[in-house]
Amino acid sequence: MRWLRRLVFSWTGAAVAIVVFSGALITLVLLEHQRMAQERETTSYLTGTNQWVASQVEFELLRFQRALDRYTFEAEAVDHDTLMLRFDILWSRIPTFLTGPEAEQARSLEGAVETVEGLRAALARVEADVQSLDPGDRAGRRAILAELAPFEEPLHDITRRLGSGQWRSELEQRQRALVERRRLLSVGILTVSVLLVLVSLLVIQRSYRLAKQERDARMAAVSADQAKTRFLANMSHELRTPLNAVIGFAQIIRDEKFGPLGQAAYRDRAQDILTSAQHLLSVLNDVLNLARIESDRMPLNETVCQPSDIVARCQGMVEPDAERRQVRLKTAIPDDLPALRADPRLLRQICLNLLSNAIKYGRAGGEVVVAWRAERGWLVMSVTDDGPGIPRERLESIMLPFYQGPSSGHDRPEGSGLGLSLAKRFAELHQGYLAISSEEGQGTTVTVGFPPERVVSGAQAAEAP
Amino acid sequence: MRAELCRLCAGALAALALVGAAAHAAEPLPEPQGRVILEITGEIDVTNQGEAAAFDRAMLTALPQAELTTYTDWTEGEQVFTGPRLADVLERVGAGGDTLHARALNDYEADIPRSDAQQYKVVLALRRNGEQLSVRDKGPIWIVYPHPNPESEEPSPHNYKSVWQLEAIDVR
């Protein structure tokens, strides 16, 4: 049911994403709505205030006129102070209309400012008369009214226009345009959010697909690796067994174990079979070793080894070849050289490979020196020949598997070309290194180093079996 | 010994009571001599005209005068307003309540939160730049708030409470 779990998981992720985005979106939309509501309230506030300011002028004019009437005709009802108060209040409404911040829209009405300024001028003209007016003075009253009454109609006009129709519709239009713009913005935000959600879903889906692909690839690799192991196990046995048979029987024939062969040629041919089979076996071993190392299937059987013993064994094995090429083998191993904790089989192989190479590619009649020394805690073996050396361009490539240098005077290449790379791999398995230094015409030195952790002190070496 | 201690305690208590009473009870308000320019009604302890506390200009100027230098949305440039602090006037009449219902000469009305008096150091301005405020000039009393940000185009949020031509305050 793993597929089901995966499905649920992916949908949970998507659901979370949707919730988060929806939350953000809803918040944004709500904020927009709030702002629009605020705008609307401000507009209605402005509408209200403008109407108030405008109507105040009209209203106070009427109140003053009424006070004037009562002052003239009902003297006790209104005293002069009250009359002046109403006059002053009327006067004070004019700057509020003309310059006050709340009357901006009122001022924008056509003719409004002129009307109110006209009223101000008229008030200035009648001020003295009002101040000196006596109760009952009808003529005085008429003179004042003559100046002020003409403004009643225009002022009412302003109030009326602010209260209804044209100006309001302009305001409404502006408001609607604002609302439209906000709505478009909301739609825009909604669209973008939806797109983002879709993109996120796609990305999530893709990442899951990739993860699945990787899982599949990994499983394929694992099974391939397992197949390789099985192959190595089988082939190792399958290839070597018949080969060993061939070698064994070729030896029997060459040694005439069951009686004489008759023709010397048969003996020679048997020898040839033997040589080829042995060569094939050595190549096979090298290839299998390399394959094993490459797939990290080379276990180390570590014990305490004496370098001198290893070198002695290898010397014995290469003596025939050395004699054939008249190469002298020399060793330089100090007596107090510490022991080495390593796989003796691999150590022998390293030594053997290097020695073989030195003899093969060294100068015929020359000298090969195998030396061991301690260097800064490391145990280092070096094999030096005095052959033609290796040109710098080729130094790198000779480390590659299957590379074979120009063999001097042999019609058949010997070895598998894996000797050096195997030696390097074996050294690295021991956390060591292999290095070549050579100059054309100056000979070659191959150095193999083993780390201090593998160096065994005298006391420890004594305890070793 | 015990009798003396008792007398001491009684004396201390009496003194405390007196101080407490004095601190709590406001002085009685004299009758206005000149024209009444401000009438305070509602939840107040001190009255001088029936249920109301009436002030003429002299009585308002007798209170400690404050100077508020600020801008308003109806004036140009920096202005200096002089007059008693609203808080002081309210204390003078022993006002309680939490809303001040202010009414102007032209019937404009506004509700002012009682806390504004302390929070914004509101002034009942009688003079602007040394000149007495006439009715035409938004007098006799103008409730002036400090302008929160004169630099910006935004009108002050206190504008609707900044009642001019103040006539009466009803404490609710």
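The values are calculated or read from the model by the stated rules, or taken from the named source; none is laboratory data. Fair warning: this is a prediction, and the values are worked out from it, not measured in the lab. Cβ placement follows ideal geometry from the backbone for every residue including glycine, while neighbour counts extend to all protein chains displayed. Quick note on the areas: whole protein, heavy atoms, side chains included, nothing else; ligands and nucleic acids left out. Shrake-Rupley method; radii C 1.70, N 1.55, O 1.52, S 1.80 Å.
Quick notes on this structure:
- Residue in the range A:315-333 that is in contact with a strand residue (DSSP E or B) (Cβ under 8 Å, 6 or more places away or on another chain), buried (at least 16 other Cβ atoms within 10 Å of the Cβ) and of a type in the set (S, T, N, Q) present: yes
- All conditions but one from (1) of a type outside the set (Lys, Arg); (2) at pLDDT below 90; (3) open to solvent by 10 Å² or more (accessible area, probe 1.4 Å) apply to A:Ala54; the one that does not is (3).
- Residues in the range A:370-394 that are open to solvent by 40 Å² or more (accessible area, probe 1.4 Å) and either within 14 Å of A:Val446 (Cβ to Cβ) or basic (Lys, Arg) (or both): A:Arg373, A:Arg376, A:Thr384, A:Asp386, A:Arg392, A:Arg394.
- Residues that are within 14 Å of chain B (Cβ to nearest Cβ), of a type in the set (Asp, Glu) and within 24 Å of A:Asp69 (Cα to Cα), drawn from the range A:97-129: A:Glu127
- Condition check for A:Ala227: of a type in the set (A, V, I, L, M, F, W, C), open to solvent by less than 70 Å² (accessible area, probe 1.4 Å) and within 18 Å of A:Arg292 (Cα to Cα): yes
- Within the range B:126-136, the presence of at least one residue that is touching a helix residue (DSSP H, G or I) at 6+ places or on another chain (Cβ under 7 Å), among the hydrophobic types (A, V, I, L, M, F, W, C) and in contact (Cβ under 8 Å) with a residue 24 or more places away in the chain is confirmed.
- Residue match in the range A:130-150 (condition: within 14 Å of another protein chain (Cβ to nearest Cβ) and surrounded by fewer than 20 Cβ atoms within 10 Å (Cβ to Cβ)): yes
- Neighbours by Cβ (under 6 Å, 6+ apart or cross-chain): first from the range B:46-61, farther than 19 Å from B:Leu126 by Cβ; second open to solvent by less than 60 Å² (accessible area, probe 1.4 Å) and not in a strand (DSSP E or B): B:Val46/B:Ala26; B:Val46/B:Leu29; B:Val46/B:Val93; B:Val46/B:Gly94; B:Asn48/B:Leu29
- Strands (runs of 3 or more DSSP E) contained entirely in the range B:43-141, each with at least 2 residues that are within 14 Å of chain A (Cβ to nearest Cβ): B:99-104, B:109-113
- Whichever residue in the range B:135-166 is within 19 Å of the chain's Cα centre (by Cα) and among the polar types (S, T, N, Q) and, among such residues, is nearest to B:Glu91 (Cα to Cα): B:Ser162
- Of the criteria (1) within 14 Å of chain A (Cβ to nearest Cβ); (2) within 22 Å of B:Val46 (Cα to Cα); (3) of a type outside the set (Ser, Thr, Tyr); (4) within 13 Å of the chain's Cα centre (by Cα), which one B:Ile169 fails: (1)
- Taking every residue in the range A:325-346 that is closer than 21 Å to A:Arg376 by Cα and pairing it with any residue that is hydrophobic (A, V, I, L, M, F, W, C) and in a loop (DSSP other than H, G, I, E, B), at least 6 positions away or on another chain, the pairs with Cβ-Cβ distances below 8 Å are A:Ala339/A:Ala464; A:Ala342/A:Leu300.
- Pairs, first charged (D, E, K, R) in the range A:381-402, second part of a helix (DSSP H, G or I), C-beta under 8 Å, six or more apart: A:Asp385/A:Ala358; A:Asp385/A:Ile359; A:Asp385/A:Tyr361
- Residues located in the range B:100-120, provided they are farther than 27 Å from A:Glu60 by Cβ and either among the hydrophobic types (A, V, I, L, M, F, W, C) or surrounded by 15 or more Cβ atoms within 10 Å (Cβ to Cβ) (or both): B:Arg114, B:Asp116, B:Ala117, B:Tyr120
- Subset of the range B:15-56 [of a type outside the set (A, V, I, L, M, F, W, C), open to solvent by less than 60 Å² (accessible area, probe 1.4 Å) and modelled with pLDDT under 90]: B:Gly20
- The range A:291-314 - residue that is over 23 Å from A:Val380 (Cα atoms) and assigned to a helix (DSSP H, G or I) and, of those, most open to solvent (accessible area, probe 1.4 Å): A:Glu294
Residue by residue, here is whether (1) under 16 Å from the mean Cα position of the chain (by Cα); (2) buried (at least 20 other Cβ atoms within 10 Å of the Cβ); (3) under 23 Å from B:Pro28 (Cβ atoms) holds:
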{"site": "B:Ala58", "(1), (2), (3)": "yes, no, yes"}
{"site": "B:Leu68", "(1), (2), (3)": "yes, no, no"}
{"site": "B:Thr75", "(1), (2), (3)": "no, no, no"}
{"site": "B:Val80", "(1), (2), (3)": "no, no, no"}
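- Pairing each residue of the range A:24-41 that is surrounded by 12 or more Cβ atoms within 10 Å (Cβ to Cβ) with any residue that is β-branched (Val, Ile, Thr), provided the two are 6+ apart or on different chains, yields C-beta distances under 8 Å for A:Leu25/A:Ile189; A:Leu28/A:Ile189; A:Val29/A:Ile189; A:Met36/A:Val179.
- Residue pairs meeting the criteria (Cβ under 7 Å; at least 6 apart or on separate chains; first facing another protein chain (nearest Cβ under 9 Å) and touching a residue at least 60 places away in the same chain (Cβ under 8 Å), in the range A:78-94; second among the acidic types (Asp, Glu) and buried (at least 22 other Cβ atoms within 10 Å of the Cβ)): none
- Within the range A:27-34, one or more residues are under 60 Å from the mean Cα position of the chain (by Cα), of a type in the set (Asp, Glu) and away from chain B (no Cβ under 14 Å).
- In the range A:51-68, the residues that are within 13 Å of chain B (Cβ to nearest Cβ) reach residues that are open to solvent by 20 Å² or more (accessible area, probe 1.4 Å) with C-beta atoms within less than 6 angstrom, at least six apart or across chains, in these pairs: A:Val53/A:Glu102; A:Ser55/A:Thr159; A:Glu58/A:His156; A:Glu58/A:Thr159; A:Arg63/A:Arg86; A:Phe64/A:Arg86; A:Ala67/A:Arg86.
- Boolean, A:Pro154 is free of Cβ contacts under 8 Å to residues at least 24 places away in the same chain and either over 30 Å from A:Ile26 (Cβ atoms) or among the β-branched types (Val, Ile, Thr) (or both): no
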